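The values are calculated or read from the model by the stated rules, or taken from the named source; none is laboratory data. Keep in mind it's a predicted model, so treat the numbers as computed, not measured. Cβ placement follows ideal geometry from the backbone for every residue including glycine, while neighbour counts extend to all protein chains displayed.
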Amino acid sequence: MTSRHGDRDHATWSASATARNWHCTGALALAPSAPPQRESIHAANGTACHQIAERCLIDNKDAIEFLDSTAMTKEHKIEIDEEIVNSAQEYVDYVRVRGATAFLQGGFVNIEQHFDLAALKPPFDAGGTGDAVVYFPEDNLLEVIDLKHGRGYVDADGNPQLRTYALGALLANPGIAAHHVRVTIVQPRVDTAKGRIRSETIHVADLLDWTTDLLAAMWRSKQAADEYATARSNSVLLDEWADKWLTPGKCTFCPVEGCCPKLRKGALDVAAVWFDDRDQPQIGNSALDTSAEALARDLDMIPMLEDWIRARRALAHSQADGGVEIPGYQLVDKIGHRKWIGDDEAEMSASIIDATRLCLGDIQTSKLKTPAQLEKVLGAKRKNLIADLYHRPKTGTNLVSIEKTTRPATKGRAEQFFENPTE
């Protein structure tokens, strides 16, 4: 199963990146330099949830009908489990209730409505897609409903992404008479004091005032991009540009997090506090200071260094997976926990009993024991009896130093693709 949600094209200034671009003015200038972005499993689960919800609303189905089916995203096959079903259904129920009220008033519901901000003459192509847009003519209200499947709390109040959706929905529906716009987040897996469904209602006049600030932020980003074109080929000018235009703080989903010059400079500045020589680091005496003040200083700085290290590792892995050779490093298979070779528990139980002559009570508690648990039952001398009944699944790859591993190198996705062009 696929849907439009997984195939969305993003504008240069996408609604989903408004908060980051506003906070870090130079982020947009660096975006063309970003390496190809890989779809994380978390993003894929979110896409699958949106696909289920969209099909429910278009085809008048309930999410439970998709349980145990497979959703195809850009890079993953997602098995639809109860958690995805429950998230999708809560969103679908809310849209249906709001839609029923809107229909009684002679209004409408638009699912996956695309919009752009071209009428405002921004310096970039700007736009996005609203998951659901509902119009209530008697209330002079337009509501944009956004499904969030993730576990990271998202506040509706003052949310730049949602306000961009609100603005886009007004522009995409020019014939309506809306005095207010409501933006609503449905986030079923995050239950807070504000609930799983959270809204902000904005008067259209206030939204237009906010739009002035949005356009100003866009033009600042345009200025940063123009200056970057001159500075990028000169390391001194690039450092000056980074100090002027880059503001770390909303980096988690930034495509250039792993190669951001401001993050790199900040991380090296932090490292310099603890290390005497960056080529052959020796921890300086300052790092051994056990005073409360020194510990507080170090604790404040450590997250910046950790974030940069994590981003660099992720970038290196992504590049290696795409076919780039990283000197001194290689991709190796990431091996998961041992699993039984069969999925049918009754059949596996029979095979284990036949191989070990154990009784059912020895190999099961509330469910079939794992290979490790069963080896404890069998003991060291007999554990080889089940060696042919389990396997170690490959769960991905790791990028490791050649000098620190005995595991053989494996191929990245780029090499696998060219070897198997039909898959």
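Quick look at the numbers
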{"item": "All positions within region 10-35 that are under 14 Å from Lys244 (Cβ atoms) and either polar (S, T, N, Q) or in contact with a Ser or Thr (Cβ under 6 Å, 6 or more places away or on another chain) (or both)", "result": "Cys24, Thr25"}
{"item": "Region 205-229 residues that are farther than 15 Å from Leu170 by Cα and touching a residue at least 40 places away in the same chain (Cβ under 8 Å), paired with ones that are aliphatic (A, V, I, L, M) and surrounded by 18 or more Cβ atoms within 10 Å (Cβ to Cβ) (beta carbon under 6 Å, 6 or more apart)", "result": "Ser221/Leu28; Ala224/Ala29; Ala225/Ala29; Tyr228/Ala29"}
{"item": "Enumeration of residues in region 205-216 that are aliphatic (A, V, I, L, M) and crowded, with 17+ Cβ neighbours inside 10 Å", "result": "Leu207, Leu214"}
{"item": "The listed residue being more than 29 Å from Thr252 (Cα to Cα) and at pLDDT below 85, out of Ser366, Ser349", "result": "Ser366"}
{"item": "Of the criteria (1) under 22 Å from Arg407 (Cβ atoms); (2) touching a residue at least 40 places away in the same chain (Cβ under 8 Å), which one Val324 fails", "result": "(2)"}
{"item": "Contacts under 8 angstrom Cβ, first residue in region 238-261 being at positive phi, partner of a type in the set (A, V, I, L, M, F, W, C), 6 or more apart", "result": "Gly249/Cys24"}
{"item": "Condition met for Pro408 (of a type outside the set (S, T, N, Q) and either crowded, with 16+ Cβ neighbours inside 10 Å or over 26 Å from the mean Cα position of the chain (by Cα) (or both))", "result": "yes"}
{"item": "Qualifying position, being more than 19 Å from the chain's Cα centre (by Cα) and assigned by TED's automatic domain parsing to the domain that holds Ser14, among Ala156, Ala193", "result": "Ala193"}
{"item": "Qualifying residues in region 1-42 (those that are basic (Lys, Arg) and in a helix (DSSP H, G or I)) - the one modelled with the lowest pLDDT", "result": "Arg4"}
{"item": "Members of region 177-203 that are touching a strand residue (DSSP E or B) at 6+ places or on another chain (Cβ under 8 Å), without any contact (Cβ under 8 Å) to a residue 60 or more places away in the chain and buried (at least 16 other Cβ atoms within 10 Å of the Cβ)", "result": "Ala178, His180, Val181, Arg182, Val183, Ile185, Gln187, Arg198, Ser199, Glu200, Ile202"}
{"item": "Which numbered condition Glu54 fails, given (1) modelled with pLDDT under 95; (2) over 30 Å from Asp213 (Cα atoms); (3) crowded, with 18+ Cβ neighbours inside 10 Å", "result": "(1)"}
{"item": "Candidates Gly396, Gly323, filtered to the one that is under 25 Å from Val256 (Cα atoms), assigned to a loop (DSSP other than H, G, I, E, B) and not assigned by TED's automatic domain parsing to the domain that holds Glu75", "result": "Gly323"}
{"item": "The lone exception for Arg196 - which of (1) modelled with pLDDT of 95 or more; (2) closer than 25 Å to Ile58 by Cα it fails", "result": "(1)"}
{"item": "Criterion violated by Lys61 - all others in (1) touching a residue at least 60 places away in the same chain (Cβ under 8 Å); (2) basic (Lys, Arg); (3) loosely packed, with under 14 Cβ neighbours inside 10 Å satisfied", "result": "(1)"}
{"item": "Residue that is modelled with the lowest pLDDT [pool: residues in region 221-242 that are over 14 Å from Leu30 (Cα atoms) and in a helix (DSSP H, G or I)]", "result": "Ser235"}
{"item": "Thr252 modelled with pLDDT of 95 or more, within 28 Å of the chain's Cα centre (by Cα) and either under 29 Å from Glu143 (Cα atoms) or surrounded by 13 or more Cβ atoms within 10 Å (Cβ to Cβ) (or both)", "result": "no"}
{"item": "Filter result (assigned to a loop (DSSP other than H, G, I, E, B) and touching a Leu at 6+ places or on another chain (Cβ under 8 Å)) within region 69-86", "result": "Ile80, Asp81"}
{"item": "Failed condition for Thr230, given (1) loosely packed, with under 14 Cβ neighbours inside 10 Å; (2) under 28 Å from Lys148 (Cβ atoms)", "result": "(2)"}
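So that you can scan it fast, the table gives a plain yes or no per residue for (1) in a loop (DSSP other than H, G, I, E, B); (2) surrounded by 23 or more Cβ atoms within 10 Å (Cβ to Cβ):
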residue: Ala88; (1), (2): no, yes
residue: Asp139; (1), (2): yes, no
residue: His149; (1), (2): yes, yes
residue: Gln161; (1), (2): no, no
